[in-house]
1. Of everything in segment 16-41 that's touching a residue at least 40 places away in the same chain (Cβ under 8 Å), part of a helix (DSSP H, G or I) and over 18 Å from N80 (Cα atoms), which residue is farthest from the chain's Cα centre (by Cα)?
2. Return the only residue of L50, L61, L69 being in contact (Cβ under 8 Å) with a residue 24 or more places away in the chain, aliphatic (A, V, I, L, M) and not in a loop (DSSP other than H, G, I, E, B).
3. Of the conditions (1) at pLDDT 95 or above; (2) more than 13 Å from I90 (Cα to Cα), Q39 fails just one. Which one is it?
Amino acid sequence: MLDVAERCFVRIAEAIIKSGQSVRECFNNFVIKEKLEDQVIELLSPIGFLEGVKDLGITDLEELEVACLMRVLTKPELENAIMLKELIVIMDNFGI
């Protein structure tokens, strides 16, 4: 599962680099701000994340790849949302 997600992250990182944008800029249209314990956190819905990936030109993710990405990224305690901050950290590990 992690190997599949890692290959996807590499593709996403390459597409972000090619776009010349930051991770935040690539997904900014899909960010949802939520207040949690007196803090505002930035979240992406799984669909918003996939739409952002599609906007980067990655339109051929297979069902297994999507499932692996969601397993790694989503937070059950946040109703399966993706924390933008964590996505940025992950992408930092891939050279963004």
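1. By that ranking, first place goes to I17.
2. Numbers: L50 fails: in contact (Cβ under 8 Å) with a residue 24 or more places away in the chain; L61 fails: not in a loop (DSSP other than H, G, I, E, B).
Going through L50, L61, L69 in turn, just one is in contact (Cβ under 8 Å) with a residue 24 or more places away in the chain, aliphatic (A, V, I, L, M) and not in a loop (DSSP other than H, G, I, E, B): L69.
3. (1)
Table: residues versus (1) touching a strand residue (DSSP E or B) at 6+ places or on another chain (Cβ under 9 Å); (2) β-branched (V, I, T); (3) at pLDDT 95 or above.
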residue: F49; (1), (2), (3): yes, no, yes
residue: G52; (1), (2), (3): yes, no, yes
residue: D55; (1), (2), (3): no, no, yes
residue: E63; (1), (2), (3): no, no, yes
residue: T74; (1), (2), (3): yes, yes, yes
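The values are calculated or read from the model by the stated rules, or taken from the named source; none is laboratory data. Keep in mind that what you see is a predicted model, and the values were worked out from it rather than measured. Glycine also receives a Cβ, built like all others from the backbone with ideal geometry; neighbour counts cover every protein chain displayed.
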